[in-house]
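Written out below as structure tokens is the structure these notes cover.
The values are calculated or read from the model by the stated rules, or taken from the named source; none is laboratory data. For clarity, every value in this text was computed on a predicted model and none was experimentally measured. As a convention, Cβ positions derive from the backbone with ideal geometry for all residues, glycine included, and neighbour counts pool all protein chains shown. Remember, those area values only see protein heavy atoms, side chains included, never the ligands or the DNA or RNA. Shrake-Rupley method; radii C 1.70, N 1.55, O 1.52, S 1.80 Å.
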Amino acid sequence: MIRRVIHIDEDKCNGCGACVTACHEGAIGLVDGKARLMRDDYCDGLGDCLPQCPTGAISFVEREAAAYDEAAVLANKAEKEQAAAKPHFSGCPGSMMRQFNRNSQVNAETEDSAARYTVSPVAPESQLAQWPCQIKLVPVNAPYFDGAKLLIAADCTAYAYANMHQEFMKGKITIIGCPKLDDVDYSEKLTQIISNNNIQSVTIVRMEVPCCGGLEYAAKTALQNSGKFIPWQVVTISTDGKILD
């Protein structure tokens with residue numbers, strides 16, 4: 001049938017992922033760093049994704065396309081929600097949930113040093129408070145989210161900003177992701193995490209590059225969708241490792 005669907009100009013697309021999170025039907029995905037209409041029957045032709053595109057890469061076209069299948073869209077949403085709600089540990093040791101008591105470790109080391117009356121250089125202490133830390137892998141209802149100050153960080157920030165652990169991760173539960181490389185709508189899972197847990201605050205640390213806008217947009221969308229009034233802030237890191245705002 002001939003109907004209206006979206007068209008994505010790959011030459012204009014910068015891979016920010018904003019359209020992926022804006023498409024409530026799940027019709028758009030990121031493939032090789034570019035947004036792509038994955039299924040015609042998921043596109044309702046309403047164009048919620050258009051105003052979110054910063055480069056104007058999305059437009060409407062009239063062409064031969066499968067009819068919009070609302071039942072398939074709802075089934076896909078339900079499947080994603082079920083997958084997000086379940087812990088992702090399936091036998092792989094790398095995905096097993098763990099929580100670290102950083103304060104106890106630091107205090108024990110300090111007391112031990114004092115008892116020996118010796119002074120030695122102190123190696124930087126990791127401030128990662130739990131495992132896993134990837135947004136795609138963390139369970140929605142993990143106990144470490146209860147009363148947590150949540151840090152949502154782009155993958156690259158820890159490499160670009162030298163003091164990431166002490167300034168941003170310390171005292172927080174850290175979850176990370178890359179909207180350009182991960183073919184997933186972060187906003188859905190982040191909404192569940194914020195809605196289902198007693199989150200005290202949210203800090204978003206992103207890079208200055210345009211693709212990191214997808215992470216910020218997903219976090220803001222999750223905060224709005226949760227219906228909660230939680231203190232939040234966005235910090236942007238430059239590619240040469242400086243705080244921009």
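Tabulated data
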quantity: Listing of strands (runs of 3 or more DSSP E) fully contained in the range 1-73 that carry 2 or more residues being open to solvent by 30 Å² or more (accessible area, probe 1.4 Å) and over 30 Å from GLU208 (Cα atoms); calculated: 2-8, 58-64
quantity: LEU244 being within 26 Å of ALA35 (Cβ to Cβ), over 16 Å from the mean Cα position of the chain (by Cα) and either among the aliphatic types (A, V, I, L, M) or crowded, with 20+ Cβ neighbours inside 10 Å (or both); calculated: yes
quantity: Condition check for ASN198: free of Cβ contacts under 8 Å to residues at least 24 places away in the same chain, open to solvent by 30 Å² or more (accessible area, probe 1.4 Å) and farther than 27 Å from PRO54 by Cα; calculated: no
quantity: Check on ARG98, open to solvent by 80 Å² or more (accessible area, probe 1.4 Å), modelled with pLDDT under 70 and over 30 Å from LEU37 (Cβ atoms); calculated: yes
